[in-house]
Amino acid sequence: MFDANKGAIFAIYNRALRQDPSLQGKVVLELQIDPTGRVLECHVVSSELPDAGLMDKIVSRIRLFDFGKKDVGTTTISYPVQFLPT
């Protein structure tokens, strides 16, 4: 799901990068996904990026993900994302 939405996430990052070209680092996100595939909760566990507004936008975008229905209970995952200027 992250690969399918990588473009949207990095579009948010690239907009922030125009304001601060030195913006880079690793972000670890924790997601709670319900059996229908909906993201119940998403928050930043750790971030090397000093831009709280950027983190809020990324978390908001991830909350729109749909992981698809699975025959499992509520699942919690941690997901690292490395942001580097291109």
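Just so you know, in segment 29-86 the residues that are farther than 30 Å from Gln19 by Cα, in contact with a strand residue (DSSP E or B) (Cβ under 8 Å, 6 or more places away or on another chain) and assigned to a loop (DSSP other than H, G, I, E, B) include one that is most open to solvent (accessible area, probe 1.4 Å), and it is Thr74.
The condition of being open to solvent by less than 80 Å² (accessible area, probe 1.4 Å) and either touching an Asp or Glu at 6+ places or on another chain (Cβ under 8 Å) or not in a strand (DSSP E or B) (or both) does not hold for Ala4.
Residue-wise test of (1) under 18 Å from Ala8 (Cβ atoms); (2) of a type outside the set (Gly, Ala, Ser); (3) in contact with a helix residue (DSSP H, G or I) (Cβ under 6 Å, 6 or more places away or on another chain).
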site	(1), (2), (3)
Gln19	no, yes, no
Glu30	no, yes, no
Gly37	yes, no, no
Leu40	no, yes, no
His43	no, yes, no
Ser46	no, no, no
Leu49	yes, yes, no
Gly53	yes, no, no
Leu64	yes, yes, no
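In segment 67-86, the residues that are over 15 Å from Phe2 (Cα atoms) never reach a residue that is small (Gly, Ala, Ser) and in a strand (DSSP E or B) with C-beta atoms less than 8 angstrom apart, at least six apart or across chains.
Could you say whether any residue in segment 3-20 is at pLDDT below 95, within 14 Å of Val81 (Cα to Cα) and of a type in the set (Asp, Glu)? There is at least one residue in segment 3-20 that is at pLDDT below 95, within 14 Å of Val81 (Cα to Cα) and of a type in the set (Asp, Glu). For first residues located in segment 1-24 and under 12 Å from Leu54 (Cβ atoms), partners that are assigned to a loop (DSSP other than H, G, I, E, B) and among the aliphatic types (A, V, I, L, M) and lie 6+ apart or on another chain with Cβ distances below 9 Å form the pairs Tyr13/Leu23; Tyr13/Leu49; Ala16/Leu23; Ala16/Leu49; Leu17/Leu23; Leu23/Leu49; Gln24/Leu49; Gln24/Leu84. Exactly one condition in (1) crowded, with 17+ Cβ neighbours inside 10 Å; (2) over 10 Å from the mean Cα position of the chain (by Cα); (3) not charged (D, E, K, R) is not met by Ser22; state its number. Answer for Ser22: the failing condition is (1).
The values are calculated or read from the model by the stated rules, or taken from the named source; none is laboratory data. None of these values were measured; they are calculated from a predicted model. Because the Cβ atoms are built from the backbone with ideal geometry, glycine has one as well, and the counts that use them run over all protein chains shown. Ligands, DNA and RNA are stripped out before the accessible areas are found, and what is left, the full protein with its side chains, is counted by its heavy atoms. Shrake-Rupley method; radii C 1.70, N 1.55, O 1.52, S 1.80 Å.
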